[in-house]
1. How much length, in nm to one decimal, is gained on full extension between SER65 and GLN5, taken as 0.36 nm per residue of separation minus their Cα-Cα distance?
2. Quote to one decimal, in nm, the extra length available between LEU54 and ILE13 on full extension: 0.36 nm per residue of separation minus the C-alpha distance between them.
3. Positive end of the dipole of the chain, charges at C-beta (+1 Lys, Arg; -1 Asp, Glu), about the Cα centre: which of PHE52, TYR24, ILE13 has its Cα farthest in that direction?
4. Would you mind calculating the relative contact order of the chain from Cα pairs under 8 angstrom and at least 6 residues apart, reporting the percent as a whole number?
5. What are the extents of the Cα atoms of the chain along their three principal axes, listed from largest to smallest and rounded to whole Å?
Amino acid sequence: MQIHQKLTFIGVILLVVTYVIYNYHKIDGSVIGFNYAYITGISMLIVFITSFVLFGKGRIKESKSKK
């Protein structure tokens, strides 16, 4: 399994965790306090962007080697 695939899988896990934390915070009714879904959400975005960049770099290298 390539690294961008592993990062995508980790990103999906972070997406699910973010959703669960966000809904728990919403149901709990805690208006005051920090919503920890922001931390997992930002981490998820970083992981997805890194995965996308690595995937793109691999495709560019592939297309240059075919020429």
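No value in this document is a laboratory result; all are computed from the given coordinates. Being a predicted model, the structure only gives us computed values, none of them experimental. No Cβ is skipped: glycine too gets one built from the backbone with ideal geometry, and neighbour counts run over all protein chains shown.
1. On the way: separation 60, 0.36 × 60 = 21.60 nm, distance 2.18 nm.
Full-extension gain reported as 19.4 nm.
2. Working: separation 41, 0.36 × 41 = 14.76 nm, distance 1.89 nm.
Fully extending the segment from LEU54 to ILE13 adds 12.9 nm.
3. PHE52
4. Details: 42 pairs, mean separation 31.0, N = 67.
Over the chain, the number comes to 46 percent.
5. Taking the Cα atoms of the chain, the three principal extents are 59, 19, 11 Å.
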